[in-house]
Amino acid sequence: MDTDGNTHRVLVTGGTGMTGRRITRLLAQRGVDHRIGSRSGHSESHTPRFDWHSPGTWDGVLEGVDAVYLCYHPDLAFPGAAESVTAFAERAAAHGVRRMALLSGRGEVAAQRAEKEVRAVFPGLTVLRCSFFAQNFSEHFFVPAVSSGTLALPVADVAEPFVDLDDVAEVAVRALTEEGHAGKSYEMTGPRAVSFAEAGRALEKAVGHPVEYRRVEAEEFVAGLASQGAPEELGWGLVALFEEVLDGRNSRPTNGVERALGRPAGGFEEYVTKAAASGPWNNGG
């Protein structure tokens, strides 16, 4: 374990995912050594395999690491997540890890239970409690919907202060490499709540055709995801998550990004402009 206060190697679980890619890029820009935790491992960088469901893979990825980004796939609110993440955090503490940041969800009861359990074994944990990701429209399950022009969702047209993952990644990197974030919880949102209908109108300018919100039954939503190759259990898990999170209780924006970074959070329109430059909605994503 290093004692000079600097972070020398960061383990990024979910390092190839939406937040993980951004975090590893920022770490590389800062010259911070990092290791990507994935089920396949990375032979070119001599990174061993990591699997949340296989504790025998944990010690290898934790060797020589002093900071860890915890990102459980598909979501911290899914069954079994709290137990796995807490056990891993305890193992990380035994390896001498000094800094840890946990990706969590705003309004998710199960996720917030996981936060408490992880903090019980790692008191210095920094919690990144996020609202709905803006990038779900350009990098995840909403891409085909935006491309087709219909946001068919099993939720009411509630307002949500979508958070830009570029902000989340910057907060995570600071928590993993700088003093002053240990033990804190940052509830992170965008600066303004936007309804799905409003989001569609903002996206129209980027894709060049109308993007309309339409409320559908859960069965139709799950079937639509299945037609894209998603497992049915993932679809139903998302339905449960949407029902919990997207019910209007989380519409109020917070200042978590500004608290952590000293600047305002990025807005949804800014996100759309950035996303459009990479062309995610061309030919269905």
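Numbers below:
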{"read-out": "Most mobile listed residue (Ala28, Ala202, Ala159) in the chain, GNM with C-alpha springs under 10 Å", "value": "Ala28"}
{"read-out": "Residue with peak Gaussian network fluctuation, the chain [Cα springs, cutoff 10 Å], from Ala156, Ala275, Ala226", "value": "Ala226"}
{"read-out": "Karplus-derived HN-Hα couplings along the stretch 77-86 (A = 6.51, B = -1.76, C = 1.60, θ = phi - 60°), whole Hz, x at Gly and Pro", "value": "7, 6, x, x, 5, 4, 5, 5, 5, 5"}
{"read-out": "Magnitude of the charge dipole, the chain, Cβ model with Lys/Arg +1 and Asp/Glu -1, debye to 20", "value": "620"}
{"read-out": "Max mean-square fluctuation residue, GNM over the chain, Cα-Cα springs under 10 Å, options Met18, Met100, Met188", "value": "Met18"}
{"read-out": "Ranked by how many other beta carbons lie within 10 Å on average, peptides 205-212, 73-80, 20-27, 88-95 from highest", "value": "20-27, 88-95, 73-80, 205-212"}
{"read-out": "Placed amide H near Ala152: partners under 5 Å, 5+ positions off or other chain", "value": "Arg214"}
{"read-out": "Kirkwood Rh (inverse of mean 1/r, distinct Cα pairs), the stretch 167-265, angstrom", "value": "16.5"}
{"read-out": "Leading residue at positive end of dipole, the chain (Cβ point charges), from Ala111, Thr150, Gln228", "value": "Ala111"}
{"read-out": "On Cα atoms only, tilt of 232-245 relative to the major axis of the chain in degrees", "value": "90"}
{"read-out": "With Cα atoms, 0 to 90° folded angle of helix 165-177 axis to the chain main axis", "value": "10"}
{"read-out": "Per-selection metrics, the chain (Cα): Rg and Dmax in Å", "value": "18.7, 56"}
{"read-out": "Helix axis angle, 196-207 relative to the chain longest principal axis, alpha carbon, degrees", "value": "90"}
{"read-out": "Spread of Cα-to-Cα distances over 10 Å intervals beginning at zero, given as percent, for the stretch 41-145", "value": "14, 42, 32, 11, 1"}
{"read-out": "Debye, to nearest 20: dipole size of the stretch 77-165, +1 on Lys, Arg Cβ, -1 on Asp, Glu Cβ", "value": "440"}
{"read-out": "Dipole in debye (nearest 20) - the stretch 121-227, about Cα centre, beta carbon charges: Lys, Arg +1; Asp, Glu -1", "value": "100"}
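Bear in mind these aren't lab numbers, they're just calculated from the coordinates by the rules spelled out. Keep in mind that this is a model prediction, so the values were computed, not measured. Using ideal geometry, Cβ is built from the backbone for each residue, glycine included, and neighbour counts are taken over all protein chains shown.
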